[in-house]
Amino acid sequence: MEKAILVGLETQNSEWDIKETLRELAELADTAGAIATAEIIQRRHRPDSKYYVGKGKAEEIRLLAEQAEANLVIFDDELSPSQKRNLEEAIGIPVVDRTALILDIFALRARTKEGKLQVELAQLNYLLPRLSGIGTELSKLAGGIGTRGPGETKLEVDRRRIRKRISDLKKEIEDIKKHRSIHRQSRQSVPLPIVTMVGYTNAGKSTLLNALTDAGVFAEDKLFATLDPTTRKVETPGGGFFLLTDTVGFIQKLPHHLVAAFRATLEEVLEADLLLHVVDASHPNTEGQISAVSSILKSIGAENKETLVVFNKLDLPEANIQLQVLARDFPEHVAVSAAKTIGTETLLMRIDYLLRKNQKRIDNILAYGKEDILAIIRRYGKIEQIEYLPEGIAVKAVLPGGWYEKIIHLLEHGGKPHSENS
């Protein structure tokens, strides 16, 4: 296991508490396979253009690294290519920034072809401007934190070939995006509402998915334990059904390379009928994590999506203490313990209510031969009256959310539908 020195910079415009970000950086380092042996914090008006922390502080880091026998220095912000080179010359050991560390963890966690493509694209976009100073061959990057991933078999390449690889990856991801669109259209043909979970990494989304669906998704008390999204069908206490999707966890200072690379995946959030914002209520910086997730949702255009806040880890004493304050800011929340399956029934009832609250009525005569449409209405709506007439099947029913429009879309023939808000 590598020994690392953690370095943080606190400026006048810092959005995050420096001690909190370094605590999280230590967790990221642990997830990547490094142990934090020491940390250094510098306070200054703005980052130094050459060394980020200033030449004197760089010398202090070098001495501390020697004393702690560290073989890696991790900075809590993204460094410019020149800052990274200057720091490595001054300190004498490899320097990794927060972005490279997160990319490294994503490379470790990616399992599906799509996930690997997205991580490789993010890594190459990060790497390309950093090639100057190390030559056009990248063999020195083999192995170690910040250098792993799907692209490591192509290290003997120059900038031109990296740009070509980036172009190819974008095309492959665009094909995946089109494939997702086709799947989305097929889902719309059977109008199951979509509920998508979002939240800070390690908030317990995968554990909650398992608690609600017995999905058997890998869940671990580490940052980014699961990376690839999973979708399962869920039945509500009221007899309705919806599709529940888990998404990649968010984090403060999430690298823009990753946001861009995972945009095809994050677009699933835009298609959701309801978002579940899962929050670790036991975390000491709950408000900061909520803010980070809200910021990323805004960046992808999902800030106006109907959202239910779910405070998780209710079984921990810290959560119960903080909920007294959090409940005032989020009065419509649901509190659960995904690990202990506490409050999950209440959560399902709340989801059922939110999916049904914009119900519309359908009053239509279905032509014989359209019993498949009737089966969908019977399964996902509530039939109030049904009558078999010579000209067809007269149906009066209540349909949740946007299902009315989807059902009408399926009706190619028959009487003119009538609807009203319920």
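If the segment from Asp168 to Asn304 were pulled out straight at 0.36 nm per residue, it would be longer than the present Cα-Cα gap by 45.6 nm. With a threshold of 19 Å on the Cα-Cα distance, the over-threshold entries among Lys253/Lys305; Lys205/Lys313; Lys233/Lys370; Lys253/Lys298; Lys113/Lys171; Lys19/Lys253 are Lys253/Lys305; Lys233/Lys370. Expressed as a fraction of 2.2 N^0.38 Å, the value expected for a compact globular protein of N residues, the C-alpha radius of gyration of region 360-410 is 1.02. In this structure the amide hydrogen of Tyr52, modeled in the peptide plane, comes within under 5 Å of no amide hydrogen from residues 5 or more places off or on another chain. Calculate the tail of P(r) for region 192-356: the fraction of all Cα-Cα distances greater than 21 Å, expressed in %. The proportion of pairs with Cα distances above 21 Å equals 41 percent. By the Stokes-Einstein formula, at 1.002 mPa s and 20 °C, region 36-116 with its Kirkwood radius over alpha-carbon pairs has D equal to 156 µm²/s.
Placing R0 at 30 angstrom, the Cβ-Cβ distance between Asp372 and Thr112 gives a FRET efficiency of 0.40 after rounding to 0.05. This ranking places Phe330, Phe250 by how few other beta-carbon atoms lie within 10 Å of each, fewest first, which gives Phe330, Phe250. Computed over region 297-353, relative contact order equals 32 percent, with contacts defined as Cα pairs under 8 Å that lie 6+ residues apart.
Values quoted throughout were computed directly from the atomic coordinates according to the rules given, and no laboratory measurement underlies them. Please read these numbers as outputs of a predicted model, since none were measured by experiment. FYI the Cβ positions are ideal-geometry reconstructions off the backbone, even for glycines, and counts take in every protein chain you see.
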